[in-house]
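The structure appears right after this line, and notes come after that.
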Amino acid sequence: MKMKSTLITALGVILLSACGSDDGTTVKSDAASKADTKMVEKAPEASQSSGDIRIVGSSTVYPFSTKVAQEFKNKTGYNVVVESTGSGGGHKLFCDGVGPDTANITNSSRRQKKSEFEMCVENGVDEIVEVKIGFDGIVLANALEAPTIDFTAKQVFLAFAKEVPVSDTDCTMQDNPYVTWSDIDANLPDTTIEAYGPPPTSGTRDAFVEVAMEGGAKQVACLAALRKEDKKAFQVVAHTIREDGKWIDSGENDNAIVQTLVNTPTAMVIFGFSFLDQNADKIKGMTVDGAEPSFENIAAGAYPISRSLFFYLKKAHVGSVNGLQEFALEFTSEEASGPGGYLEEIGLVPLPDAERAKYRSDVETLATYQQ
Amino acid sequence: MSDTSIHSSETARKRLRKRHAKEVRFRILGILAIAIAMVSLLWLLISVVGTGYKAFYQHDITMEVVLDETLLDPTGARDPQKLRGANYRRVIQNSLYERFPEVTDRKARQELFNIISTSGAPNFVRQMVYNDPSLVGQTLTIQVPTSDDVDQLFKGNIDRETPEALRKVSNRQIEWVDSLKATGEIKAHFNKRLFTGTDSRDPELAGIASAFVGSAMALGVAFLLAFPIGVGAAIYLDEFAPKNKFIDFIEININNLAAVPSIVFGLLGLAVFLNFFGLPRSAPLVGGMVLALMTFPTIIIATRSALRAVSPSIRDGALSVGASHIQAVFHHKLPLAAPGILTGSIIGMAQALGETAPLLMIGMVAFVTEIPTSVTEPAAALPVQIFLWSDSAERAWAERTSAAIIVLLTVLVVMNGLAIWLRSKLERRW
């Protein structure tokens, strides 16, 4: 082990002396010469600029963020680099501190946690602008020719939890005994429970367990009682997905899964609404608690399994990173995230008018938020 | 010789039959193993090429665009920055409405606009005007991609028989694009954008150029670092190092290093290069350094086995006519080992080219809209691009993902071919 680390350090030192400093200077001149030829007016900015707008965070927000980045670059010439690190990883990078090497914006498919906010403040990132950009639904879908099922959240919980109570009133836990849907409720079809769902590392999975599974568990009387007494224990029950092969971890958002569904009509898949929207000729969404997954229902909050998408902006970087606030303004513009905007085209469900106006003005005035 | 000889007795013949049967069984198993390998390889190739080949052509629409001065530059100042921010969507929309004057309904007009690349067409014109503001007021003939859905319709990936409500392309849109196709305004072309374009959120505009350059740069850095260090270390270990416990320990560690999962090198890169030395995120420089760490045990091992394969008499001969140790190694032994060293290194490099996991940790899983011009600029890499594309919702991504895989496989085949060619070219026999 010791040898390994010495080797590596030695290597690092050689590398650094060999190319580190030299390259640093060549880049500067490169960037400057590029700015000269491509956009004459921007030359003074380029010399003092701390580089591109760097965005990290959620893979769910990634497609929307990259779309805005692309439009923004075309309109203004500012380069935007978007990394897909996952929400948690994004907050960690974002809260690393203030300075040219840190991220300017992090995308998140959930609200920033209190612990993450505190970590930010501890590292000097105490002025953060929170922007909600829209909603995303999580859908249960199956092939077009398969039967349409109207679920209740409770049935979803009973189908996918690792342990379920023996009855509504008796909270003795047992391993999930349900093999077919009709085992849960005689009205459901007599097909095996089989679902391709997001893996534990994914934000979609987090949202699914928090919204759908918890929501379903609450509808079981004795678990609702447990929630009042011991929230932790309740969450363990609601958040643990069965591991006996009925739930199959698959790629978070994977195009190939659509094909799997077409081939196995009894299976269903759990993924983001935009995949259903894009593949409506092959798959369809199940209604949950009577509401079908559609733009209108998600926007109105009628469809129960939906979540809000956010991005967080480092106020301290506005001014030192060129185009940062303008990027946030582009993101919150009507043309982008409003109804009929180009983000709706790729599956973002817009916020209600009042809320959209509020976050837009937050970006304009750079109003920071507290937790 | 009588029949009772030990070679022709009944029991001996039985043993012989048994041995022959064993050989036949082994041959059959061997052929089976090869057949399984070939079938899975073929399967992979057919499924990738079968979906991917369609991405190499694309449907473009040729249209006339009137660059209306009152829309783009009401003041007449021709300020490039102002021109850049102007509403080109409207310009394109107006041109389309003029082409189909019978379409007046608002919803129908929205659908009409959606048959072309809604992001590509305005930005294409925007770029042209920005480069040459004198174009304002003129009429341009431009060739822009159709929307990915229209493209998929023509390629047969969207079924015309599906009920309209479930289809991404409406009946009206099909009617329009069919009439445009009949007049030759929509035509299929070789998809140049796939090779020259950078990453994009819109499948019809996306290309692999930035990822390809990023991969090439990272690989270049990796080779420059790993090859001299790896070969040097191997020569020293084999020829000059004292034989003792400590050197044995190093050898074992190097062999172990070759088996470490690649994500570990990514974590190491994150901790050492990014956090400690403060090198930039997402840069091919760091990517190359991480890949170098990953490849150099492979190079050491390949070099050492190539050196050992050289007959000791060569070195002894050189030493006996008075060459110094270093001359014997560098003038006589190394040239003979070169084919093996190069082959090993190129295969190590090819392996590094296909790596995604270590690049994940150092931020090369990124959306980058510029082709990097230096190793410290942000870049993506080919395998990462494949990963990101396979994750997107639009159907057109499926074929593009496969197309990118085809490109990656081609590069790998070329690299391996180069290794074989070099070996046969440099090999010397006595």
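The values are calculated or read from the model by the stated rules, or taken from the named source; none is laboratory data. Because the structure is predicted, anything quoted here is derived from the model rather than measured. Cβ placement follows ideal geometry from the backbone for every residue including glycine, while neighbour counts extend to all protein chains displayed. Areas reflect the complete protein model, heavy atoms only, side chains present, ligands, DNA and RNA absent. Shrake-Rupley method; radii C 1.70, N 1.55, O 1.52, S 1.80 Å.
Is it the case that region A:319-326 has a residue that's open to solvent by less than 20 Å² (accessible area, probe 1.4 Å), modelled with pLDDT of 90 or more and part of a strand (DSSP E or B)? No - not one qualifying residue is present in region A:319-326.
Filtered by the rule that a residue be open to solvent by less than 20 Å² (accessible area, probe 1.4 Å) and under 21 Å from the mean Cα position of the chain (by Cα), region B:222-234 gives B:Ala222, B:Ala226.
Applying the criterion of being surrounded by fewer than 19 Cβ atoms within 10 Å (Cβ to Cβ) and not aliphatic (A, V, I, L, M) to the residues of region A:207-226, the residue that is modelled with the lowest pLDDT is A:Cys222. Filtering region A:113-135 for residues that are within 13 Å of another protein chain (Cβ to nearest Cβ) and in a loop (DSSP other than H, G, I, E, B) leaves an empty set.
Among the conditions (1) closer than 23 Å to B:Gly52 by Cα; (2) buried (at least 22 other Cβ atoms within 10 Å of the Cβ); (3) under 17 Å from the mean Cα position of the chain (by Cα); (4) not aromatic (Phe, Trp, Tyr), the only one that B:Leu359 does not satisfy is (1).
Looking at B:Leu237, B:Leu180, which is the one that is open to solvent by less than 20 Å² (accessible area, probe 1.4 Å), closer than 30 Å to B:Glu111 by Cβ and part of a helix (DSSP H, G or I)?
Numbers: B:Leu237 fails: closer than 30 Å to B:Glu111 by Cβ.
None of the other options fit; the residue is B:Leu180.
Within region B:362-386, the set of residues being open to solvent by 10 Å² or more (accessible area, probe 1.4 Å) and over 13 Å from the mean Cα position of the chain (by Cα) comprises B:Thr369, B:Glu370, B:Ile371, B:Thr373, B:Ser374, B:Val375, B:Thr376, B:Glu377, B:Pro378. Residues in region B:241-259 that are free of Cβ contacts under 8 Å to residues at least 40 places away in the same chain and open to solvent by less than 40 Å² (accessible area, probe 1.4 Å): B:Ala241, B:Ile247, B:Ile250, B:Asn253.
Take A:Phe234 and decide whether it is over 19 Å from A:Pro304 (Cα atoms), open to solvent by less than 10 Å² (accessible area, probe 1.4 Å), assigned by TED's automatic domain parsing to the domain that holds A:Met268 and not in a loop (DSSP other than H, G, I, E, B). Criteria met by A:Phe234.
In this structure, A:Asp244 qualifies as touching a residue at least 12 places away in the same chain (Cβ under 8 Å), assigned to a loop (DSSP other than H, G, I, E, B) and among the charged types (D, E, K, R).
Count of region B:47-80 residues, restricted to those that are within 13 Å of chain A (Cβ to nearest Cβ), loosely packed, with under 14 Cβ neighbours inside 10 Å and under 17 Å from B:Asp132 (Cβ atoms), is 1. If we keep just the residues of region B:262-312 that are within 13 Å of chain A (Cβ to nearest Cβ), open to solvent by 20 Å² or more (accessible area, probe 1.4 Å) and assigned to a loop (DSSP other than H, G, I, E, B), which is nearest to B:Gly363 (Cα to Cα)? Of everything passing the filter in region B:262-312, B:Arg281 is nearest to B:Gly363 (Cα to Cα). Checked against (1) out of contact with any Ser or Thr (no Cβ under 6 Å at 6 or more places or on another chain); (2) at the interface with chain B (Cβ under 10 Å from one of its Cβ atoms); (3) open to solvent by less than 50 Å² (accessible area, probe 1.4 Å), A:Lys282 meets all criteria but (3).
For region A:91-112, which positions are within 11 Å of chain B (Cβ to nearest Cβ) and either within 19 Å of A:Val363 (Cβ to Cβ) or not in a helix (DSSP H, G or I) (or both)? If you could, list the steps in order and put the result at the bottom.
At the first step, the residues of region A:91-112 found to be within 11 Å of chain B (Cβ to nearest Cβ) are A:93, A:96, A:99-103.
Of everything in region A:91-112, those that are within 11 Å of chain B (Cβ to nearest Cβ) and either within 19 Å of A:Val363 (Cβ to Cβ) or not in a helix (DSSP H, G or I) (or both) turn out to be A:Asp96, A:Gly99, A:Pro100, A:Asp101, A:Thr102, A:Ala103.
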